[in-house]
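See below for the structure under consideration.
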Amino acid sequence: MRWLVATVAETVPETARAVTLRLDVPDWPGHRPGQHVDVRLTADDGYQAQRSYSIASPPESDRLELTVERIDDGEVSPYLTTVADVGDQFELRGPIGGWFVWDAGDDAPVLLVGGGSGVVPLRAMLQHHAGSGSAAAMHLVQSARTLGDVIYRRELEALVGPRRAVTVTLTRESPPDWGGHRGRVDAGLLAEQGWPPAAQPHCYVCGPTGFVETVADALVELGHAPGRIRTERFGPTGG
Amino acid sequence: MDTALDGNAAAGAFGDLFAFDVTMAMTTCATCGDRRAVGELLAYMDAPGIVLRCTSCRATQLRLVRSADRAWLDLRGIQALEVHSPTP
């Protein structure tokens with residue numbers, strides 16, 4: 001797969017640690033929501049570092065977007081989140097991966113469960129749901145440590161409609177007047193906010209390894225078929 | 001702390017070798033028999049090569065090591081690799 005040159009067109013701060021880079025990528029072949037790119041940075045001395053990132057934007061977006069969370073001792077994310085500015089260029093290749101992908105032509109209900117920056121590919125799915133006029137019902141359950149850590153909060157709230165719902169749960173601290181959920185995503189919350197197994201929903205779970213395993217186990221425990229649950233995990237070496 | 005990513009993170013490197021989308025391919029683990037998409041295997045990217053382990057039993061399934069002009073693929077950990085491939 002060919003490496004393409006991406007030029008930063010705009011940077012959008014999302015939280016204290018996460019930034020969305022809006023990119024111009026000539027010859028971008030298009031993508032499906034949930035797919036990835038590999039990003040490659042090359043230092044002046046030729047040293048290269050490469051990481052995989054989920055695409056944050058839906059296919060219909062005019063620009064390719066990556067939302068990157070800063071890992072302090074990482075090799076790539078500190079550059080992308082704190083150094084990269086409008087006009088800067090780096091290499092990427094993609095789209096990659098057809099497994100963790102949602103198809104707007106599929107009318108089955110969809111449960112999206114994202115932990116931390118695991119919401120990134122799910123945002124592409126939710127926006128594509130809105131942009132494509134899909135007949136499926138889609139519900140996002142998003143978990144973050146604090147209100148300030150919730151990526152895309154206002155934007156996703158604005159997408160809520162007759163066939164789209166968003167539930168946020170805060171795991172560490174929440175404002176006294178917080179009207180949403182508190183605590184980790186567990187079988188109780190998934191039973192309350194998800195679809196019954198009989199509805200045969202597609203379940204997409206993305207987040208750190210521990211989060212993904214806990215949520216996937218809870219969904220199976222609730223009676224969802226393992227074959228309807230797709231997972232994507234990222235770890236602290238994602239940097 | 002567990003440093004695993006998943007098979008999606010390794011897909012670019014495998015894509016240099018295979019004509020099919022490796023994340024959609026299903027492996028059967030030689031150790032425990034678990035059948036799963038490569039996209040959901042545990043990927044360890046910080047070894048000298050890429051190591052994909054079984055999500056169920058953690059045994060090594062695939063290893064990929066490469067130099068500038070050569071790649072070594074160790075498939076001892078899988079019984080079978082199943083690829084969607086309609087007859088042309």
Count of residues meeting criterion [more than 11 Å from chain A (Cβ to nearest Cβ), buried (at least 22 other Cβ atoms within 10 Å of the Cβ) and in contact with a Cys (Cβ under 9 Å, 6 or more places away or on another chain)] in the stretch B:25-53: 2
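Quick grid of which residues meet (1) within 14 Å of chain A (Cβ to nearest Cβ); (2) modelled with pLDDT of 90 or more; (3) touching a Pro at 6+ places or on another chain (Cβ under 6 Å):
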| site | (1), (2), (3) |
| --- | --- |
| B:Asp2 | yes, no, no |
| B:Gly12 | yes, no, no |
| B:Thr23 | yes, yes, no |
| B:Ser56 | yes, yes, no |
| B:Val65 | no, yes, no |
| B:Leu73 | no, yes, no |
| B:Arg76 | no, yes, no |
Count of the stretch B:17-35 residues which are outside any loop (DSSP other than H, G, I, E, B) and in contact with a helix residue (DSSP H, G or I) (Cβ under 9 Å, 6 or more places away or on another chain): 2
Segments classed as strands (runs of 3 or more DSSP E), wholly inside the stretch A:87-198, with at least 3 members that are touching a residue at least 60 places away in the same chain (Cβ under 8 Å) and closer than 26 Å to A:Ala9 by Cβ: A:89-96
Subset of the stretch A:1-32 [within 14 Å of chain B (Cβ to nearest Cβ) and under 20 Å from the mean Cα position of the chain (by Cα)]: A:His31, A:Arg32
Selection within the stretch A:168-183 - buried (at least 18 other Cβ atoms within 10 Å of the Cβ) and either modelled with pLDDT of 95 or more or not hydroxyl-bearing (Ser, Thr, Tyr) (or both): A:Val168, A:Thr169, A:Leu170, A:Thr171, A:His181
All positions within the stretch A:45-97 that are surrounded by fewer than 17 Cβ atoms within 10 Å (Cβ to Cβ) and among the hydrophobic types (A, V, I, L, M, F, W, C): A:Ala49, A:Val83, A:Val86
Of all residues in the stretch A:34-51 being in contact (Cβ under 8 Å) with a residue 60 or more places away in the chain and touching a helix residue (DSSP H, G or I) at 6+ places or on another chain (Cβ under 7 Å), the one that is farthest from A:Arg123 (Cα to Cα): A:Arg51
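Condition test on A:Ser117, is it in contact with a helix residue (DSSP H, G or I) (Cβ under 7 Å, 6 or more places away or on another chain) and buried (at least 19 other Cβ atoms within 10 Å of the Cβ)?
So A:Ser117 does not fit the description; no.
Output yes when any residue across the stretch A:154-170 is under 30 Å from B:Asp16 (Cα atoms) and of a type in the set (Gly, Ala, Ser), and no when none is.
No, the conditions are met nowhere in the stretch A:154-170.
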Residue within the stretch A:223-235 that is without any contact (Cβ under 8 Å) to a residue 60 or more places away in the chain, under 21 Å from the mean Cα position of the chain (by Cα) and in a loop (DSSP other than H, G, I, E, B) present: yes
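The values are calculated or read from the model by the stated rules, or taken from the named source; none is laboratory data. What you see is a predicted model; the values in this text were computed from it and never measured. Don't worry about glycine lacking a Cβ; one is built from the backbone with ideal geometry, like all the others, and counts go over all protein chains shown.
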